[in-house]
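The values are calculated or read from the model by the stated rules, or taken from the named source; none is laboratory data. Predicted model, so just to flag it, every value in this text is computed and none were measured. These accessible areas exclude ligands, DNA and RNA; they are computed on the full protein's heavy atoms, side chains included. Shrake-Rupley method; radii C 1.70, N 1.55, O 1.52, S 1.80 Å.
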Amino acid sequence: LEPQTPHWLTSEDVDATELADIRRILQSALERGENVQDVHNVRARKSDGGIIVNFHCRVSPAVTIAAAHDAVDRVERRLRALYPAITRAIGHVEPIKPGI
């Protein structure tokens, strides 16, 4: 569960150019040999409190849940460091499916 912050309730989607930039930076945050891959379903909304990014990603089913969440947490932190206007980044972890 994530706490709600009132100033984040009013928001709007970022424009297509900014979303493309966020996707590119998110992908670069993955290219460091982490367990996280296949970032998809990236959404970004701009609010008075900053940009909020949600994304889905995949990890090997052999990785422990704790290790998977630690890896995604590192990606979230890198994304915020590389794009300071992002105040929240939330990654949803899914197992890698065969053939992906």
*For ARG24 and ILE65, compute 0.36 nm times the residue count separating them, minus their Cα-Cα distance, and round to one decimal in nm.*
12.2 nm
*How much accessible area per residue does region 8-74 have, in Å², with a 1.4 Å probe?*
56 Å²
